[in-house]
Amino acid sequence: MDKVFISQLHVDTIIGVYDFEKETKQSLYFDIEMLCDIKPAAATDDIALALDYAKVSERVIAHTTAKPVELLETLAEQLAAIILTEFTTTQVTIRISKPAAVAQANTVGVEITRSKAC
(Lines give C-alpha, C1' and ligand atoms only; values in the text may rest on other atoms or scores of the structure.)
Protein backbone atom coordinates (compact mmCIF):
# COMPACT_ATOMS: atom_id res chain seq x y z
CA MET A 1 0.00 0.00 0.00
CA ASP A 2 1.06 3.54 -0.69
CA LYS A 3 0.83 6.46 1.72
CA VAL A 4 -0.50 9.95 1.35
CA PHE A 5 0.51 12.17 4.22
CA ILE A 6 -0.06 15.59 5.72
CA SER A 7 2.62 16.92 8.04
CA GLN A 8 2.21 19.61 10.71
CA LEU A 9 -1.20 20.88 9.61
CA HIS A 10 -1.75 23.85 11.93
CA VAL A 11 -5.20 24.64 13.35
CA ASP A 12 -6.10 27.15 16.05
CA THR A 13 -9.15 26.03 18.02
CA ILE A 14 -10.77 25.84 21.42
CA ILE A 15 -9.89 22.55 23.10
CA GLY A 16 -9.29 21.44 26.66
CA VAL A 17 -10.84 20.37 29.93
CA TYR A 18 -9.89 23.39 32.03
CA ASP A 19 -11.90 26.61 32.09
CA PHE A 20 -8.97 28.73 30.92
CA GLU A 21 -8.56 26.45 27.88
CA LYS A 22 -12.17 27.11 26.88
CA GLU A 23 -11.59 30.86 26.66
CA THR A 24 -8.68 31.09 24.21
CA LYS A 25 -7.81 29.27 21.02
CA GLN A 26 -4.79 26.99 21.16
CA SER A 27 -2.59 25.67 18.37
CA LEU A 28 -2.89 22.04 17.36
CA TYR A 29 -0.67 20.32 14.82
CA PHE A 30 -1.82 17.29 12.85
CA ASP A 31 0.30 14.61 11.19
CA ILE A 32 -1.88 12.32 9.12
CA GLU A 33 -0.90 9.23 7.12
CA MET A 34 -3.44 7.48 4.90
CA LEU A 35 -2.93 4.18 3.12
CA CYS A 36 -4.23 3.99 -0.43
CA ASP A 37 -3.35 2.83 -3.93
CA ILE A 38 -1.91 5.77 -5.86
CA LYS A 39 -1.40 3.82 -9.11
CA PRO A 40 -4.71 4.83 -10.77
CA ALA A 41 -4.07 8.53 -10.16
CA ALA A 42 -0.43 8.25 -11.21
CA ALA A 43 -1.30 6.39 -14.42
CA THR A 44 -3.88 8.95 -15.51
CA ASP A 45 -2.53 12.13 -13.88
CA ASP A 46 -6.12 12.68 -12.68
CA ILE A 47 -6.76 14.31 -9.30
CA ALA A 48 -10.23 12.74 -9.23
CA LEU A 49 -8.52 9.36 -8.77
CA ALA A 50 -6.17 10.60 -6.06
CA LEU A 51 -6.57 10.82 -2.32
CA ASP A 52 -6.64 14.61 -2.29
CA TYR A 53 -4.60 15.81 0.70
CA ALA A 54 -5.88 19.37 0.20
CA LYS A 55 -9.48 18.20 0.66
CA VAL A 56 -8.54 16.07 3.65
CA SER A 57 -6.79 19.10 5.17
CA GLU A 58 -9.83 21.30 4.59
CA ARG A 59 -12.09 18.70 6.21
CA VAL A 60 -9.82 18.34 9.25
CA ILE A 61 -9.72 22.12 9.72
CA ALA A 62 -13.49 22.48 9.31
CA HIS A 63 -14.27 19.73 11.81
CA THR A 64 -11.67 20.83 14.35
CA THR A 65 -12.96 24.40 14.42
CA ALA A 66 -16.70 23.65 14.17
CA LYS A 67 -17.49 22.29 17.64
CA PRO A 68 -15.04 22.29 20.52
CA VAL A 69 -14.26 19.05 22.35
CA GLU A 70 -12.33 18.64 25.57
CA LEU A 71 -9.99 15.75 24.75
CA LEU A 72 -7.49 15.20 21.97
CA GLU A 73 -8.53 11.54 22.14
CA THR A 74 -12.10 12.49 21.19
CA LEU A 75 -10.95 14.67 18.31
CA ALA A 76 -8.60 11.98 17.00
CA GLU A 77 -11.36 9.36 16.96
CA GLN A 78 -13.79 11.74 15.26
CA LEU A 79 -11.28 12.66 12.57
CA ALA A 80 -10.28 9.06 11.92
CA ALA A 81 -13.94 8.12 11.41
CA ILE A 82 -14.47 11.05 9.03
CA ILE A 83 -11.38 10.29 6.95
CA LEU A 84 -12.16 6.57 6.69
CA THR A 85 -15.76 7.31 5.71
CA GLU A 86 -15.33 10.23 3.34
CA PHE A 87 -12.04 9.46 1.60
CA THR A 88 -10.57 6.51 -0.30
CA THR A 89 -8.27 5.15 2.36
CA THR A 90 -8.25 1.84 4.20
CA GLN A 91 -6.18 2.98 7.16
CA VAL A 92 -5.38 6.30 8.80
CA THR A 93 -2.86 7.28 11.44
CA ILE A 94 -3.45 10.61 13.13
CA ARG A 95 -1.05 12.33 15.49
CA ILE A 96 -2.30 15.47 17.21
CA SER A 97 0.22 17.66 19.02
CA LYS A 98 -0.73 20.36 21.52
CA PRO A 99 2.44 22.37 22.17
CA ALA A 100 1.08 24.74 24.84
CA ALA A 101 -0.39 22.02 27.07
CA VAL A 102 2.65 21.34 29.25
CA ALA A 103 5.07 24.22 29.78
CA GLN A 104 8.06 21.93 30.36
CA ALA A 105 7.49 19.92 27.17
CA ASN A 106 8.02 20.89 23.55
CA THR A 107 4.69 19.25 22.73
CA VAL A 108 2.32 16.57 23.96
CA GLY A 109 -0.46 14.72 22.21
CA VAL A 110 -2.01 11.51 21.02
CA GLU A 111 -1.57 9.20 18.06
CA ILE A 112 -4.06 6.62 16.82
CA THR A 113 -4.27 4.23 13.90
CA ARG A 114 -7.68 3.10 12.64
CA SER A 115 -8.70 0.86 9.74
CA LYS A 116 -11.90 0.24 7.85
CA ALA A 117 -13.76 -2.82 9.04
CA CYS A 118 -13.69 -5.67 6.55
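The values are calculated or read from the model by the stated rules, or taken from the named source; none is laboratory data. Only a predicted model underlies this, so the values are computations on that prediction, with no experimental measurement involved. Calculation scope for accessible area: heavy atoms of the full protein, side chains included, ligands and nucleic acids excluded. Shrake-Rupley method; radii C 1.70, N 1.55, O 1.52, S 1.80 Å.
Build a GNM of the chain with springs between Cα atoms under 10 Å apart, and of 92, 11, 60 the one that fluctuates most is 11.
According to the Kirkwood expression over distinct Cα-Cα pairs, how big is the hydrodynamic radius of the chain, in Å? For the chain, inverting the mean 1/r across all distinct Cα pairs yields 15.0 Å. For the stretch 14-118, the solvent-accessible area of protein heavy atoms averages 60 Å² per residue (probe radius 1.4 Å; ligands and nucleic acids excluded). Counting only residues at least eight positions apart within a chain, or on another chain, the lysines with an alpha carbon under 21 Å from that of residue 39 are 3, 55, 116. For the chain, carbon and sulfur atoms together expose 54% of the accessible surface, with a 1.4 angstrom probe and every protein chain in place.
Within the same chain, aspartates and glutamates fewer than 8 places from residue 67 are excluded, and of the rest, those with a Cα less than 20 Å from its Cα are 12, 19, 21, 23, 58, 77, 86.
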